[in-house]
Structure formats: C-alpha cells, structure tokens
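Single-structure report; data block below.
Rule-based calculations on the coordinates, nothing more; no lab input. Given the structure is predicted, the values throughout are model-derived calculations rather than measurements. Reconstructed Cβ throughout: ideal geometry from the backbone, glycine too, with neighbour counts over all protein chains shown.
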Amino acid sequence: MERTFIAIKPDGVQRGLISEIIARFERKGFKLVAIKLVVPSKAFARKHYHDLKDRPFFNGLCNFLSSGPVLAMVWEGEGVIKYGRKLIGATDPFKSEPGTIRGDLAIVVGRNIIHGSDGPETAKNEINLWFKPEELT
Ligand code: ATP
Ligand code: MG
C-alpha cells in the first residue's frame, strides 16, 4: 500500500497543532503507520531538504527545521502521497485554499507548519531517511 512521509515542523509543534493535523489525516481515512518526535540536527535537515540546496532560503530553512521538535510520521492509504499534499495545501499559505492545513492555520511560507513528500520517489527516500525499518508497523 502507498505510503508518504509527513512532518509537523517546529512551528506546528510549538503552536499546539499536532492533534488538529493528525485528525485531518485520520478523518480522511488514512492510516498512521509510524510516528515519533525528534529534534533533527542541522546536517540531518540539510539531507532532508537537499533538493533545495541551491535556493537562497536553504540555510534558513535547515536552521528552522532543526530549531526544535519535529513530529515525523508515515501515513498509508490509496493515493496518500498526492492527497496528503492536497490536505496540506500550497507551499505559500497565502496561496493555499481555505480548508487546507496551511490555508487554515498558517500565514508565511517560512513557517508553513507541515511537510509532505512530493512524489513516490521522495516518499520512499524520506521514509528511509527518518525511520528505521523496525520502526514501521
Ligand atoms: P515541504 O517540502 O516543506 O512540504 P513544499 O513541498 O510545499 O514544502 P518546497 O518547494 O519543497 O515546498 O519548499 C520546502 C520548504 O521551503 C517550504 O515548505 C517552505 O517552508 C520553504 N520555502 C519554500 N519557498 C520559500 C521561500 N520563497 N522563502 C522561504 N522559505 C521557502
Ligand atoms: Mg517539498
């Protein structure tokens, strides 16, 4: 069954949005198969966002991801990669539709509270980066 990697970033955890966000994935019918709270190192954050290494905001983004606890999760279900991105909304919360997580709960792009894998290949790589095989149910 299809799986995706979803992370609530330090701003989402700090703002107390964990239950709100998990509820949206659960209510849709997706299944939680792994979850843990971790403070990623800067080096780990750079690995996670390596595709963006040439962007001007890369350094700030990695500093931010490693600034506090991140809730790392794996969700499972038919179409969960694409639909998970739909639940999350557009990268810039001002362009995300109301009804999406970012549209309802965030304002600025650098504090958009949640990450979701953007395709099957990234989902596989990100799940393997964040979780050991024995942590997956
Ligand atoms: P994510 O990978 O976190 O799910 P995304 O796939 O919607 O987000 P990406 O293009 O992968 O968007 O960008 C990764 C993250 O980098 C964004 O979530 C956002 O926090 C940050 N980011 C993107 N564009 C900008 C920008 N112009 N200025 C500052 N931060 C940005
Ligand atoms: Mg992305």
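Taking the conditions exactly as written (of a type outside the set (Val, Ile, Thr), closer than 17 Å to Thr100 by Cα and free of Cβ contacts under 8 Å to residues at least 12 places away in the same chain), does Glu20 satisfy them or not?
So Glu20 does not fit the description; no.
May I ask you to list pairs of residues, at least six apart or on different chains, whose Cβ atoms are under 7 Å apart, with the first in the stretch 121-134 being over 16 Å from Lys82 (Cα atoms) and the second being among the aromatic types (Phe, Trp, Tyr) and crowded, with 17+ Cβ neighbours inside 10 Å?
The qualifying pairs are Trp130/Phe5.
Pick from the stretch 74-102 the residues that are in a strand (DSSP E or B) and under 16 Å from Arg27 (Cα atoms): which of them is farthest from ligand 1 (Cβ to nearest atom)?
Selected residue: Glu76.
May I ask you to say which residue of Val74, Val70, Val80 is closer than 18 Å to Asp11 by Cα and either away from ligand 2 (no atom under 15 Å from the Cβ) or among the β-branched types (Val, Ile, Thr) (or both)?
It is Val70.
Looking at the stretch 103-119 only, could you name the residues that are of a type in the set (A, V, I, L, M, F, W, C), touching a Leu at 6+ places or on another chain (Cβ under 8 Å) and either near ligand 1 (Cβ under 9 Å from one of its atoms) or part of a loop (DSSP other than H, G, I, E, B) (or both)?
Within the stretch 103-119, Ile113 is the sole residue that qualifies.
Among the residues of the stretch 34-45, which ones are surrounded by 16 or more Cβ atoms within 10 Å (Cβ to Cβ) and within 25 Å of Asp104 (Cβ to Cβ)?
Selection gives Ile35 alone.
Being of a type in the set (A, V, I, L, M), within 23 Å of Leu37 (Cβ to Cβ) and out of contact with any Leu (no Cβ under 9 Å at 6 or more places or on another chain) is the filter here; which residues of the stretch 82-101 pass it?
Result: Leu87, Ile88.
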